[in-house]
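Trainee: To start, I am sharing the structure in question, which I have written as structure tokens.
The values are calculated or read from the model by the stated rules, or taken from the named source; none is laboratory data. All figures in this text were calculated on a predicted structure; none of them were measured in a lab. Here the Cβ is made from the backbone with ideal geometry for all residues, glycine too, and neighbour counts use every protein chain on show. Note: accessible area is taken over every heavy atom of the protein model, side chains too, but ligands, DNA and RNA are not part of it. Shrake-Rupley method; radii C 1.70, N 1.55, O 1.52, S 1.80 Å.
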Amino acid sequence: MINRRTFSKALGLGTGAAAASLAGLQSLPTASAATQNGTTAPTALTVTPGTHTSFAMLKQIKAGLLDIGYAELGPAHGPVVICLHGWPYDIHSFVDVAPLLAAEGYRVIVPYLRGHGTTRFLSSRTFRNAQQSAIALDIIALMDVLKIEKAVLAGFDWGSRTADIIAALRPERVKALVSVSGYLITNLEANKQPLPPKAEYAWWYQYYFATERGRLAMEDKTKRHDLTRLVWDTVSPTWGFDDATFERTAAAFENPDYADIVIHNYRWRLSLADGERRYDRFEKQLAARPVIAVPAITLDAEHDPFTAPGDGSSYRDRFTGKYDHRTLKGIGHNVPQEAPTAFAQAVIDVDHF
């Protein structure tokens with residue numbers, strides 16, 4: 001088990017800041033979870049959700065089409081974990097997870113996806129495209145420029161989809177995978193088929209964004225704020241977050257490309273907006289529903305309206321490597337922020353498969 005000094009060094013914090021961080025952390029029971037190869041993984045510290053409210057420092061780096069903003073914690077030469085957020089969220093979904101992983105010696109990278117936070121397009125002429133393969137290639141470009149050959153990828157929502165795609169198409173870059181909601185790679189043809197009414201109801205904003213009214217709402221600061229807050233409230237019904245927690249994330253929605261990226265993402269998924277031909281070959285591969293062969297843990301949240309029925313059975317055949325599935329009781333859609341210890345433990349465990 002790490003001590004206070006080691007924890008402080010891992011987070012890059014002074015002793016005072018480390019003491020404040022440790023105030024919300026306790027040891028879990030001493031028994032470590034057994035992994036599938038018979039070895040044991042370290043047990044993550046327990047953190048009370050909301051213990052941390054910010055990252056000490058953000059970095060910027062040019063990668064591919066973007067100048068990407070990201071948080072980084074942990075030792076510079078530690079094994080890498082890349083944490084990927086969803087919509088309508090940002091890097092603060094991992095504000096409690098990242099210190100837990102850094103304390104175990106991981107180098108943790110948490111980037112703002114395109115259109116979010118401090119991530120900017122390098123050229124005003126670049127089409128504000130949010131199709132799935134474009135976002136995945138952003139993360140590969142980030143890995144390239146940071147000289148990260150291989151990483152554990154962990155995400156939820158858009159982040160799960162992005163991690164799934166990289167694991168499926170570029171498995172040599174992925175050591176292991178944690179994917180909330182399982183296999184989220186979009187098949188455009190299959191996506192044209194209606195879902196059961198209850199599932200369609202949960203996707204109300206996707207259809208709203210298909211209209212001009214929805215686009216205008218996303219461009220209006222007040223309406224965007226209230227819409228995204230409503231999504232938080234409805235998809236995480238048991239999460240007792242406060243206004244300040246939401247506002248810290250909502251600041252990332254002030255990115256000048258945010259509305260364009262969000263609207264294009266959801267319209268593209270419904271085949272109501274075109275992608276770019278440069279990504280056609282990747283989308284063709286993804287349409288075939290490629291399997292994911294890297295070690296993987298999938299997480300389902302009990303109170304997430306997007307959790308598929310069947311305890312992971314609907315996508316189990318897409319994971320052909322070492323695998324585990326976990327259902328998190330009492331948790332909603334924003335899994336890493338609602339259940340940071342469980343999420344961090346999944347990362348540690350899958351890394352020891």
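Trainee: Scanning for something within 21 Å of the chain's Cα centre (by Cα), surrounded by 12 or more Cβ atoms within 10 Å (Cβ to Cβ) and modelled with pLDDT of 95 or more, does the stretch 208-222 turn up at least one residue?
Mentor: Of all residues in the stretch 208-222, those within 21 Å of the chain's Cα centre (by Cα) come to none.
Among the residues of the stretch 208-222, not one is within 21 Å of the chain's Cα centre (by Cα), surrounded by 12 or more Cβ atoms within 10 Å (Cβ to Cβ) and modelled with pLDDT of 95 or more, which makes the answer no.
Trainee: Report yes if some residue within the stretch 331-351 is open to solvent by 30 Å² or more (accessible area, probe 1.4 Å), under 18 Å from Pro171 (Cα atoms) and touching a Pro at 6+ places or on another chain (Cβ under 6 Å); otherwise report no.
Mentor: No: the stretch 331-351 contains no residue that is open to solvent by 30 Å² or more (accessible area, probe 1.4 Å), under 18 Å from Pro171 (Cα atoms) and touching a Pro at 6+ places or on another chain (Cβ under 6 Å).
Trainee: Could you go through the stretch 121-134 and let me know if any residue there is β-branched (Val, Ile, Thr) and buried (at least 21 other Cβ atoms within 10 Å of the Cβ). Quick ask: steps written out before the conclusion?
Mentor: As a first pass, look at the stretch 121-134 and keep what is β-branched (Val, Ile, Thr): 126.
Of the ones still in play, those that are also buried (at least 21 other Cβ atoms within 10 Å of the Cβ) are none.
No, the stretch 121-134 contains no residue that is β-branched (Val, Ile, Thr) and buried (at least 21 other Cβ atoms within 10 Å of the Cβ).
Trainee: Please tell me if Asp274 is of a type in the set (Asp, Glu), outside any helix (DSSP H, G or I) and either out of contact with any Leu (no Cβ under 9 Å at 6 or more places or on another chain) or farther than 26 Å from Arg213 by Cβ (or both). Even if it seems obvious, please write down each step before you answer.
Mentor: Details: of a type in the set (Asp, Glu): yes; outside any helix (DSSP H, G or I): yes; either out of contact with any Leu (no Cβ under 9 Å at 6 or more places or on another chain) or farther than 26 Å from Arg213 by Cβ (or both): yes.
Yes; evaluated as a whole, the condition is true for this residue.
Trainee: I'd like the residue in the stretch 65-104 that is surrounded by 24 or more Cβ atoms within 10 Å (Cβ to Cβ) and β-branched (Val, Ile, Thr) and, out of all such residues, is farthest from Ala339 (Cα to Cα).
Mentor: Going through the qualifying residues, I end up with Ile68.
Trainee: Another one. Quick one: count up the residues across the stretch 268-279 that are touching a helix residue (DSSP H, G or I) at 6+ places or on another chain (Cβ under 9 Å) and open to solvent by 30 Å² or more (accessible area, probe 1.4 Å). Steps first, answer last, please.
Mentor: So the first thing to find is which residues in the stretch 268-279 are touching a helix residue (DSSP H, G or I) at 6+ places or on another chain (Cβ under 9 Å), and the list is 268-276, 278-279.
Remaining after also requiring open to solvent by 30 Å² or more (accessible area, probe 1.4 Å): 270-272, 274-276, 278.
Result for the stretch 268-279: 7.
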